[in-house]
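The values are calculated or read from the model by the stated rules, or taken from the named source; none is laboratory data. Please read these numbers as outputs of a predicted model, since none were measured by experiment. Cβ placement follows ideal geometry from the backbone for every residue including glycine, while neighbour counts extend to all protein chains displayed.
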């Protein structure tokens with residue numbers, strides 16, 4: 001992952017509490033993948049397909065807001081990273097929107113559907129209807 005790679009939609013480094021990029025953690029987003037690279041002497045690189053991301057949230061503490069930073073949190077089905085954060089980045093609201101749009105685009109392109117439990121625990125009419133149907137009718 002190179003900063004000047006034309007395939008990257010966004011690139012940044014993790015920043016310290018005051019907004020300076022004095023860390024060795026780099027983030028990048030392409031049209032179909034999210035990249036995370038950590039380390040100086042011994043580096044570790046992660047890559048997550050965007051269609052594997054199920055949820056994107058933004059968190060900004062008072063100190064982060066003062067310095068124009070934010071943390072974007074992801075829930076994903078990736079086995080290596082699982083749930084992870086893009087911590088202390090500039091333009092965090094813009095990054096969250098870019099990621100949300102790209103994730104949705106990739107999910108549609110790859111025909112990935114997340115099935116969520118739609119039953120309301122207070123109104124369990126669906127289960128009553130299924131109980132009324134005999135085994136032969138199912």
Would you confirm whether any residue within the range 10-30 is modelled with pLDDT of 90 or more, within 24 Å of residue 111 (Cα to Cα) and exposed (fewer than 15 other Cβ atoms within 10 Å of the Cβ)?
no
Residues 106, 47, 97: which one is touching a helix residue (DSSP H, G or I) at 6+ places or on another chain (Cβ under 6 Å), surrounded by 13 or more Cβ atoms within 10 Å (Cβ to Cβ) and modelled with pLDDT of 90 or more?
106
Are any residues in the range 50-69 surrounded by fewer than 13 Cβ atoms within 10 Å (Cβ to Cβ) and touching a residue at least 40 places away in the same chain (Cβ under 8 Å), and if so, which ones?
63
So which pairs qualify, if the first residue must be in the range 71-89 and on the phi > 0 side of the Ramachandran plot and touching a residue at least 12 places away in the same chain (Cβ under 8 Å), the second must be part of a loop (DSSP other than H, G, I, E, B) and surrounded by 18 or more Cβ atoms within 10 Å (Cβ to Cβ), the Cβ gap must be under 7 Å, and the two must be at least 6 apart or on different chains?
88/14; 88/15
Can you list residue pairs whose Cβ atoms sit under 8 Å apart, with the first residue in the range 9-32 being at negative phi and the second being crowded, with 19+ Cβ neighbours inside 10 Å and part of a loop (DSSP other than H, G, I, E, B)? Count only pairs 6 or more apart in sequence or on different chains.
21/14; 21/15; 22/15; 23/14; 23/15; 25/14; 26/14; 27/14
For the structure I just gave you, tell me whether residue 71 is at pLDDT below 90 and either more than 16 Å from residue 8 (Cβ to Cβ) or outside any strand (DSSP E or B) (or both).
no
